[in-house]
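Structure first, commentary second.
The values are calculated or read from the model by the stated rules, or taken from the named source; none is laboratory data. Remember, predicted model here, so these are calculated numbers, not experimental data. Ideal geometry is used to build each Cβ from the backbone, glycine not excepted, and the neighbour counts take in all protein chains shown.
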Amino acid sequence: MKSVLKLIKNNLLTIFILILFVVLMFVLAYLKNLYWDNNDKAAYGNRLDGIENYELTDEEVKTVKNNILANEDVLEVEYREEGRIINIRIKAKDELTDVNAKKMCEEFVSNFTEEQLSFFSLQFYVYKEDATKTDFPIIGYKHYGNKKVSWTKDR
């Protein structure tokens, strides 16, 4: 017993520094959790709960892209799904007017089922071959709660 007390007395400074270090580490861990984002959390929170019930299969995506490409005014189409938003980027011929582009995109909404439209929002980005055209690009957005596509202001 005397040897333990002697050891503690001889190493009092070292023991104090170790205890202080352990306490400081707990305080720093608490402050980190309090003030910094936790990168482990999902970017979308719980908004994507149930998305597996509405996801489009690769075959459905291919069908949607082919249906859009079947339009004679469409040159290219890109499809990208980000959370609950489906982005459809369309490269159109220079002859296409903005009115016809809007009608065309509103027709493309029919490529999705009612269940998918009730969960996903659609965003259309239509641009032309010639980037110097001042009437394009136009952007249309169909919120999952709405039936119509809303468009950016005409230029």
Test result for Leu13, outside the structural domain of Asp135 (by TED's automatic domain parsing) and surrounded by fewer than 10 Cβ atoms within 10 Å (Cβ to Cβ): yes
Condition met for Arg47 (touching a residue at least 12 places away in the same chain (Cβ under 8 Å), exposed (fewer than 13 other Cβ atoms within 10 Å of the Cβ) and in contact with a Lys or Arg (Cβ under 7 Å, 6 or more places away or on another chain)): yes
Condition met for Tyr141 (in the same structural domain as Glu76 (by TED's automatic domain parsing), among the aromatic types (Phe, Trp, Tyr), outside any loop (DSSP other than H, G, I, E, B) and over 19 Å from Val61 (Cα atoms)): no
Filter result for Glu55 (surrounded by 10 or more Cβ atoms within 10 Å (Cβ to Cβ) and of a type in the set (Asp, Glu)): yes
Odd one out for Gln123, checked against (1) among the polar types (S, T, N, Q); (2) in a loop (DSSP other than H, G, I, E, B); (3) surrounded by 13 or more Cβ atoms within 10 Å (Cβ to Cβ): (2)
